[in-house]
Amino acid sequence: MNWEPSLQRRKGTFCYGQLATNPPGDRESGKRGRLRFILLDRHFLEGAMAAASAVVGATFQGLRAVDGQRLSEVSLLKERNVWTSSAQLRFGCRRAGVRAMAATVTAPKRETDPKKRVVITGMGVVSVFGNDVDVFYDKLLEGQSGISLIDRFDASTFPTKFGGQIRGFSSQGYIDGKNDRRLDDCLRYCLVSGQKALEHAGLGKENLNQIDKQRVGVLVGTGMGGLSVFSDGVQALIEKGYKRITPFFIPYAITNMASALLAIELGLMGPNYSISTACATSNYCFYAAANHIRRGEADIMIAGGTEAAIIPVGLGGFVACRALSTRNDDPQTASRPWDKDREGFVMGEGAGVLIMESLEHALKRGAPILAEYLGGAVNCDAYHMTDPRADGLGVSSCIERSLEDAGVSPEEVNYINAHATSTIVGDLAEVNALKKVFKDSSEIKMNATKSMIGHCLGAAGGLEAIATVKAINTGWLHPTINQFNPEEAVTFDTVPNVKKQHDVHLSPTLLGLEVTTPVLFLARTTGYGQITFRCGSETTAAVVAANIGDVHLRFFYSWQAFGQIPGLVVKCKFA
């Protein structure tokens, strides 16, 4: 085998290359088999060298990172076909050798312990577009608005008469009929999305019973709690006296009951509570859930947010704050982030839940790995109850802390799922914060999920985290719709009105730009799975783990079959 390394460079840290061979006995035909690989971050060289040595050598010891030699941003020296790294590396392959030379840029350090690395293995959604994650994202990609006139109650006397109201919700198969009639919608949304997320993660009830439930926790928050139950209880007290208050009034109104009921239903005995920090709720829950895993307190955390506030008192409360759009003549264009004619947000509802799991546990059970949680941060801007600081200082400092926790440099980020509520002050404050951190916005795309589903309050971060993971997995960004008259200050590509194809390297999701600010970083994880190389009669299997999870190898074959190289069979199975 005459392996010839061919390494090329594309924009930023997005790199690709290929290993080519002229198979024996086929040299005259000119056919060339190519093992192509794409690596989506700064660890390109590390993975390429390991892959090359494994393929070419007679034995395969597994794809392994070199301890203490994490790579800097990779760049190709124009005058020579070599790649730079942070250390001198030599690989003694029998038929190929590639050399790495020293570079000047040092990247932040990421977590390498598989017990502390946190991956996302399942997602569950309840939304204005239904309860299926793929359908939810397909509707977003289509640029379809879920905003319509409210018909759950008579909203004709309200200044705002529309919202992202969920219709036709069914809990069949997830909640028994008796409880279904009693529960507040925010609890129903949690129970359905949580169980759907577990199913997506390969942890339906039968499989869930095979793992240690004492190490599975639930952390699903809500900004408003059981608002319908609370409103009904107050009305019963005023109209009929305390004796007519349901005994479920307190249990179903408090904010921790969503997490509690999901745990009771499934027998999960790990950490269990809720966080309520308005529209920052879901991201706070993800941050806290990841830390439980990092500290060794849980193997799996079910985390996210749920909300059901489109009822008279909920709508009336936000009207009183003068926070809502009043574009009643055209509700579907009311949510228009970064547009000069925006005049308030649009209420939404639903639930978004992620299954967060230690990498070690996920690999051990062969879980489908959708993305990796790299890190996060939380803070307070200490400024105002609802208005963010105009200079975005609270947000920018939180992003910087999150980058440090994630081991990510600003230059590695090329996609942002923004908070972008369509409020006059908030949208530009967020952009100002982003500009402080990401100096060059030319390669960054940024979109606003709320332009289509409205502001889902405590559930917003959960739904937008799902949209972010789908963007990472599919390579398609949903549009920000209703971009008619954009603000000049917004220099990012906001994916206006039409979806765009985009290979996402790393993405932060930003939620809660008023008092509390959480920021999370998610990354592609296509490089986990089982790889088997067979040379001659010797077969060695290796699980791609440890630091190689950062490499994100994706294999494509231009040859028709694996077995056309004599003596070498390559089998790849990726999550």
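Brief remarks follow.
- Search result, residues across region 382-410 that are within 23 Å of Leu522 (Cβ to Cβ) and of a type in the set (D, E, K, R): Glu400, Arg401, Glu404, Asp405
- Looking at Ala303, Ala289, just one residue is crowded, with 24+ Cβ neighbours inside 10 Å, out of contact with any helix residue (DSSP H, G or I) (no Cβ under 7 Å at 6 or more places or on another chain) and touching a residue at least 60 places away in the same chain (Cβ under 8 Å), and that residue is Ala289.
- Hey, Ala309 modelled with pLDDT under 95 and within 24 Å of Val126 (Cβ to Cβ) or not: no
- Checked against the criterion of being in a helix (DSSP H, G or I), modelled with pLDDT of 95 or more and open to solvent by 10 Å² or more (accessible area, probe 1.4 Å), region 477-495 contains not a single residue that satisfies it.
- Residue among Ile211, Ile175 that is aliphatic (A, V, I, L, M), assigned to a loop (DSSP other than H, G, I, E, B) and crowded, with 18+ Cβ neighbours inside 10 Å: Ile175
- In the set (1) at pLDDT below 95; (2) among the basic types (Lys, Arg); (3) open to solvent by less than 10 Å² (accessible area, probe 1.4 Å), the condition left unmet by Lys450 is number (1).
- Unique match (being open to solvent by 20 Å² or more (accessible area, probe 1.4 Å) and touching an Asp or Glu at 6+ places or on another chain (Cβ under 8 Å)) among Thr277, Thr326: Thr326
- Subset of region 142-172 that is out of contact with any Asp or Glu (no Cβ under 8 Å at 6 or more places or on another chain), open to solvent by 30 Å² or more (accessible area, probe 1.4 Å) and hydrophobic (A, V, I, L, M, F, W, C) - its residue that is farthest from Ser422 (Cα to Cα): Phe153
- One residue stands out in region 233-251 among those that are touching a helix residue (DSSP H, G or I) at 6+ places or on another chain (Cβ under 8 Å) and part of a helix (DSSP H, G or I): the one that is surrounded by the most Cβ atoms within 10 Å (Cβ to Cβ), namely Gly233.
- All positions within region 413-439 that are among the charged types (D, E, K, R) and buried (at least 22 other Cβ atoms within 10 Å of the Cβ): Asp427, Glu430
- Tally, over region 318-344, of residues that are within 14 Å of Ser145 (Cβ to Cβ) and hydrophobic (A, V, I, L, M, F, W, C): 1
- Filtered residues of region 217-242 (kept if of a type in the set (Val, Ile, Thr) and touching an Asp or Glu at 6+ places or on another chain (Cβ under 7 Å)): Thr222, Val229
- Filtered residues of region 126-141 (kept if touching a His at 6+ places or on another chain (Cβ under 8 Å) and surrounded by fewer than 22 Cβ atoms within 10 Å (Cβ to Cβ)): Leu141
- Criterion (touching a helix residue (DSSP H, G or I) at 6+ places or on another chain (Cβ under 6 Å), touching a residue at least 60 places away in the same chain (Cβ under 8 Å), acidic (Asp, Glu) and open to solvent by 10 Å² or more (accessible area, probe 1.4 Å)) met by exactly one of Asp381, Asp341: Asp381
- Applying the criterion of being over 21 Å from Gly461 (Cα atoms) and not charged (D, E, K, R) to the residues of region 385-407, the residue that is least open to solvent (accessible area, probe 1.4 Å) is Gly407.
- Selection within region 421-433 - modelled with pLDDT under 95 and within 20 Å of the chain's Cα centre (by Cα): Glu430
The values are calculated or read from the model by the stated rules, or taken from the named source; none is laboratory data. Fair warning: this is a prediction, and the values are worked out from it, not measured in the lab. So basically every Cβ, Gly included, is an ideal-geometry build from the backbone, and we count neighbours across all protein chains shown. Ligands, DNA and RNA are excluded from the accessible area calculation, which covers all protein heavy atoms including side chains. Shrake-Rupley method; radii C 1.70, N 1.55, O 1.52, S 1.80 Å.
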